[in-house]
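Below is one structure, written out as structure tokens, with a few remarks after it.
The values are calculated or read from the model by the stated rules, or taken from the named source; none is laboratory data. No experiment lies behind these values; they were computed from the predicted model shown. Virtual Cβ from ideal backbone geometry, glycine too; neighbours counted across all protein chains shown. These accessible areas exclude ligands, DNA and RNA; they are computed on the full protein's heavy atoms, side chains included. Shrake-Rupley method; radii C 1.70, N 1.55, O 1.52, S 1.80 Å.
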Amino acid sequence: MKKRTIIIAEAGVNHNGDLSIAKKLVDIASDSGVDYVKFQTFKAKNIVTKNSKKSDYQNQNSPDTDNQYDMLKLLEMSDQMHIDLIDYCVKKNVKFLSTPFDIESIKFLKKLGLDLAKIPSGEITNKPFLINIAESFSKVILSTGMSTIQEIKNAFSVLIENGLKKDNITVLHCNTDYPTKMSDVNLLAMLHIKNEIDVKVGYSDHTLGIEVPIASVALGASVIEKHFTISRKLSGPDHSASLEPNELYEMV
């Protein structure tokens, strides 16, 4: 009998730096029946320079800032915001999860007692980052947007060599485009990863709608991840490619 699929509702930075909005996102995730609500943990100073240009979709969806540093600075979650959200998730009976984007953030999430970490696609070739993840958490989910199969194999080897058990690693097929066109999904790549590495696989979805994550489950995804928001009309980099509350509920 197939184990049930773990569903991660990706709040990401759709809280816009506001704790009250973040709590509303937790409410939505809890009411929808997902397993995890996931945020993002980073310090802008650690991941971008002060004059980093924004991507086209970021310019379109976050017109209020001139560069990536200023945009991300507004979207940082404070240490206290993390603590408040973890406590709130306990009350709402949904698990808290966050993606660290720098080593300082890995250490902070470990200090908070998290046992599961999500590695973002952009860090799959960052060996010091991968080693710190493997040494800090007992379970890991690895996203693979823009990666070659060899880069995925290399990252997987680093995680294993530094203490993670194979059964505690899940690799997510992912397309780094917001929103992803249906013609670019290539969902069979998820099965290619499974066949090449013999690992648990899933899918991190950036398409519009709910058809593709449902299809990924039919193909055997053990984990799916989907962005969601209070409203696609809000200003911010990821709102326009996210599900609204009724859509998240329908997907689950």
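Listing for the model above:
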| quantity | calculated |
| --- | --- |
| Per residue accessible area in Å² of the chain, where ligands, DNA and RNA are left out and the probe is 1.4 Å | 47 |
| ³J(HN,Hα), Karplus 6.51/-1.76/1.60, whole Hz, each residue of segment 233-248, x for Gly, Pro | 7, 5, 7, x, x, 10, 4, 5, 9, 10, 6, 8, x, 5, 6, 4 |
| Computed FRET value (nearest 0.05) for residue 196 with residue 20, which takes r as the C-beta separation and R₀ as 45 Å | 0.50 |
| Listed values (1) 40; (2) 53; (3) 32, entry calculated as percent of Cα pairs over 27 Å apart | (3) |
| Carbon and sulfur %, accessible surface of the chain computed with the full protein complex present, 1.4 Å | 50 |
| Dipole in debye (nearest 20) - the chain, about Cα centre, beta carbon charges: Lys, Arg +1; Asp, Glu -1 | 520 |
| Per-residue ³J(HN,Hα) for segment 112-119, Karplus 6.51 cos²θ - 1.76 cosθ + 1.60, θ = phi - 60°, Hz, x for Gly and Pro | 6, x, 6, 9, 10, 10, 10, 8 |
| Entries in 107/181; 111/166; 95/181 that, when Cα-Cα distance is taken, lie over 26 Å | 107/181; 95/181 |
| Nonlocal amide H pairs with residue 54, under 5 Å, H built at 1.01 Å | 68 |
| Extreme residue, positive dipole direction of the chain, given options 34, 148, 199 (C-beta unit charges) | 199 |
| Net +/- balance of residues flanking residue 225 in space, Cβ distance below 12 Å, scoring K and R +1, D and E -1 | 0 |
| Longest to shortest principal axis, alpha-carbon extents of segment 123-252, angstrom | 44, 29, 23 |
| Relative contact order %, segment 1-156, counting alpha carbon pairs below 8 Å whose residues are six or more apart | 21 |
| Percentage relative contact order, segment 186-244, counting C-alpha pairs under 8 Å, at least six apart | 28 |
| Taking segment 1-66 and dividing mean pair separation by its residue count, relative contact order in percent (alpha carbons under 8 Å, at least six apart) | 34 |
| Over the chain: helical MRE at 222 nm, DSSP H runs n ≥ 4 each giving -39500 (n - 2.57), nearest 500 | -11500 deg cm²/dmol |
